[in-house]
1. For the chain, go through all pairs of different Cα atoms, get the mean of 1/r, take its inverse, and jot down that Kirkwood value in Å.
2. Of all accessible surface on the chain at a 1.4 Å probe, what whole percent is carbon and sulfur?
3. Can you tell me the accessible area per residue over the chain, all protein chains present, probe 1.4 angstrom, in square angstrom?
4. Loop by DSSP (not H, G, I, E, B), at most 12 other beta-carbon atoms within 10 Å: where is the longest site-free stretch of the chain for GluC sites (Glu not before Pro)?
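The values are calculated or read from the model by the stated rules, or taken from the named source; none is laboratory data. Because the structure is predicted, anything quoted here is derived from the model rather than measured. Don't worry about glycine lacking a Cβ; one is built from the backbone with ideal geometry, like all the others, and counts go over all protein chains shown. For the accessible areas, the whole protein counts, side chains as well, though only heavy atoms, and no ligand, DNA or RNA atoms are used. Shrake-Rupley method; radii C 1.70, N 1.55, O 1.52, S 1.80 Å.
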Amino acid sequence: MTNRTFTMIKPDATLNGSTGGILGMINAAGFRIVAMKMVHLSAAKAGEFYAVHSERPFYGELVEFMSRGPITAAILEKENAVEDFRKLIGATNPAQAEEGTIRKKYATSIGENAVHGSDSDENAAIEGSFFFSKLEQF
Ligand code: CMP
């Protein structure tokens, strides 16, 4: 799975009409979309996805935010996908994100940061299978 990563376009970006612009940047950077769907997560499902952060002070805020509106979940393919996608999205805090990154253009705060990208090949596989069955991955 080293050539695949998982992403979500988050509710802030969905609700302000940025989904198409973000997908355009993803395609322009050479990623191929191999699975994609829009989902409105319940608070329970958002909490389950981010369970690894359940002890963090921002967990409640994160769960509220991620269940506020629909997200677009996708699996992306490209050589060195995890690392290259982390570069494309930029720092978690948009104030520190470099020019030309998705978060620099679309994120408004450290919590509401427009996109998610997996941080390892192992998590990319886990997160992708949270949303997509094998039959839904192309
Ligand atoms: P993401 O890359 O999806 O992984 C965990 C998410 O938690 C992160 O993006 C942010 O949306 C959120 N997050 C991380 N740090 C903070 C913070 N200090 N305050 C609020 N939300 C945060």
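1. On the way: mean 1/r = 0.0674 Å⁻¹.
It works out to 14.8 Å.
2. Of all accessible area on the chain, carbon and sulfur atoms account for 54 percent.
3. Details: 7100 Å² over 138 residues.
Roughly 51 Å² per residue, with all protein chains present.
4. Numbers: sites that count: 55, 79, 98, 99.
Between the exposed loop sites, the longest stretch runs 1-54.
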